[in-house]
Amino acid sequence: MSTASRRWFVVGLACLAATAWADKDPDDKPFAEARILLQLSEAGRESTVLDVANNLIRHYGGPDMVDIEIVTIGQGIKLMSTDSPYRARVTSLSKSGVRFYVCENTLDTMERNTGIRPEVDENALLVPSGFAYIVHRIKEHDFVAVRP
Amino acid sequence: MSTASRRWFVVGLACLAATAWADKDPDDKPFAEARILLQLSEAGRESTVLDVANNLIRHYGGPDMVDIEIVTIGQGIKLMSTDSPYRARVTSLSKSGVRFYVCENTLDTMERNTGIRPEVDENALLVPSGFAYIVHRIKEHDFVAVRP
Amino acid sequence: MSTASRRWFVVGLACLAATAWADKDPDDKPFAEARILLQLSEAGRESTVLDVANNLIRHYGGPDMVDIEIVTIGQGIKLMSTDSPYRARVTSLSKSGVRFYVCENTLDTMERNTGIRPEVDENALLVPSGFAYIVHRIKEHDFVAVRP
């Protein structure tokens, strides 16, 4: 393939990927006043991030009034492991419509380093790259990202 | 109340809250080239955040040229306690037009955990939720938030 | 000079500064799907930030498909010191079009505190204020900033 046609092939692939991604984006809160993405990428901040999600739901007047996503990356993915002490809280927030994402780049890196791929909670939604997902949601879907 | 009418009641309440909030938003720097919100939510970063505020004022050419807010949340609210070692610097920056916010969710949590509600400096402006305030300022008032 | 004319003088200076800054802004990736700024302002996160840059390039389909800047501030500038253990990785990412910035405010502060101005890698681009640069890129050039 020539350089030029290869470039267009890459552009085409990227567009397909972007489209596929957008189609799966959930957006089922017509009353939401705000769309907020919470980044969790450190160990030891799990409880804080879950508290912030609960406080935001209360602040906006209930789970229908705010759309919240928690994106876990790096050490942050421990929140979503099958032996996480926070599973009950994660399940409860999931039932309120909070979505939890896990970065597949992180899973790949951990598998490469330890030989074992971490198992994640049934509430976890996988995204290829946590940071690319954050950028995507800010640019395309009007989310504001904060890192509690 | 039916589910439908309760939903509209909640929507109405939320609108009232949003309006009340917007009316109190200060906006008295017609020459400001940028509106910058600094998030302080960790212990031990107080001095860094105050330094960044000073550097930004110098960078933009004086206190009239940039609108700065410092939002303290979680451990960050210690900056604004009445026994904070930074009170003189907070007062000096307040006189330059920097506004300091304290998250009431944090005050409530600390009061619940310790039995004592932290006392805050006279320069502190209270907001119900620090993170909701950050989202509000980014979406509605063109602020950029950074976490030094 | 009167107060009024001094104010306009300051406004004029600020405009000159803004123009000078804008002219130097690199923007040479017409195929980029996203413009992403990575903030590095802590010690010990160098490797994580470089990993994130590599993952983003792979995620978007190659160095032409995403425009990445890494802005180092405070302890983060160690990434760019001439004795940094990451120099080879910095050079490799620079060749892929990633741009590395160093905050001059930080260099000034370190020189004031230690008597020695840190020497920075040849790949480093200097900006007067790292945080003002982040704000500038978000507001004027459609960058999304994340702090890995």
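The values are calculated or read from the model by the stated rules, or taken from the named source; none is laboratory data. Remember, predicted model here, so these are calculated numbers, not experimental data. Methodologically, a virtual Cβ is constructed for each residue, glycine included, from the backbone with ideal geometry; neighbour enumeration extends over all protein chains shown. The protein model used for the area step is the full one, side chains on, heavy atoms only, and it has no ligands, DNA or RNA in it. Shrake-Rupley method; radii C 1.70, N 1.55, O 1.52, S 1.80 Å.
Things worth noting here:
- Residues in segment A:101-112 include at least one that is more than 10 Å from chain C (Cβ to nearest Cβ) and under 26 Å from B:G130 (Cβ atoms).
- Failed item in (1) open to solvent by 20 Å² or more (accessible area, probe 1.4 Å); (2) under 13 Å from the mean Cα position of the chain (by Cα); (3) more than 12 Å from chain A (Cβ to nearest Cβ), with B:T72 passing the rest: (1)
- In segment B:100-112, the residues that are of a type outside the set (D, E) and part of a helix (DSSP H, G or I): B:N105, B:T106, B:L107, B:T109, B:M110, B:R112
- Only one entry of A:V98, A:V102, A:V52 meets the criterion of being under 25 Å from C:S47 (Cα atoms), in contact (Cβ under 8 Å) with a residue 24 or more places away in the chain and surrounded by 22 or more Cβ atoms within 10 Å (Cβ to Cβ), and that entry is A:V102.
- Segment C:113-124 - residue that is surrounded by fewer than 16 Cβ atoms within 10 Å (Cβ to Cβ) and away from every other protein chain (no Cβ under 14 Å) and, of those, nearest to C:I68 (Cα to Cα): C:E122
- Any hit, segment C:81-99, residues being closer than 19 Å to B:V52 by Cβ, out of contact with any Gly (no Cβ under 8 Å at 6 or more places or on another chain) and either within 14 Å of chain A (Cβ to nearest Cβ) or not in a strand (DSSP E or B) (or both): no
- Qualifying residue in segment B:26-44 (condition: among the hydroxyl-bearing types (S, T, Y), within 10 Å of another protein chain (Cβ to nearest Cβ) and open to solvent by less than 20 Å² (accessible area, probe 1.4 Å)): yes
- Residue count for segment B:127-139 under the criterion of being within 19 Å of A:K139 (Cβ to Cβ) and surrounded by fewer than 23 Cβ atoms within 10 Å (Cβ to Cβ): the result is 2.
- Look at segment B:70-93: where a residue is more than 15 Å from B:P148 (Cα to Cα) and a partner is modelled with pLDDT of 95 or more and open to solvent by 50 Å² or more (accessible area, probe 1.4 Å), sitting 6+ places away or on another chain with Cβ atoms under 6 Å, you get B:T82/B:E119.
- Leading residue by the ranking (farthest from the other protein chains (Cβ to nearest Cβ)) among those in segment B:129-148 that are in contact (Cβ under 8 Å) with a residue 24 or more places away in the chain and aliphatic (A, V, I, L, M): B:A145
- Selection status of C:R35, farther than 20 Å from B:H59 by Cα and either at pLDDT below 95 or among the charged types (D, E, K, R) (or both): yes
- For A:R58: the one exception among (1) within 14 Å of chain B (Cβ to nearest Cβ); (2) open to solvent by less than 60 Å² (accessible area, probe 1.4 Å); (3) without any contact (Cβ under 8 Å) to a residue 24 or more places away in the chain: (2)
- Unique match (being at pLDDT 95 or above, at negative phi and buried (at least 17 other Cβ atoms within 10 Å of the Cβ)) among A:S92, A:S81: A:S81
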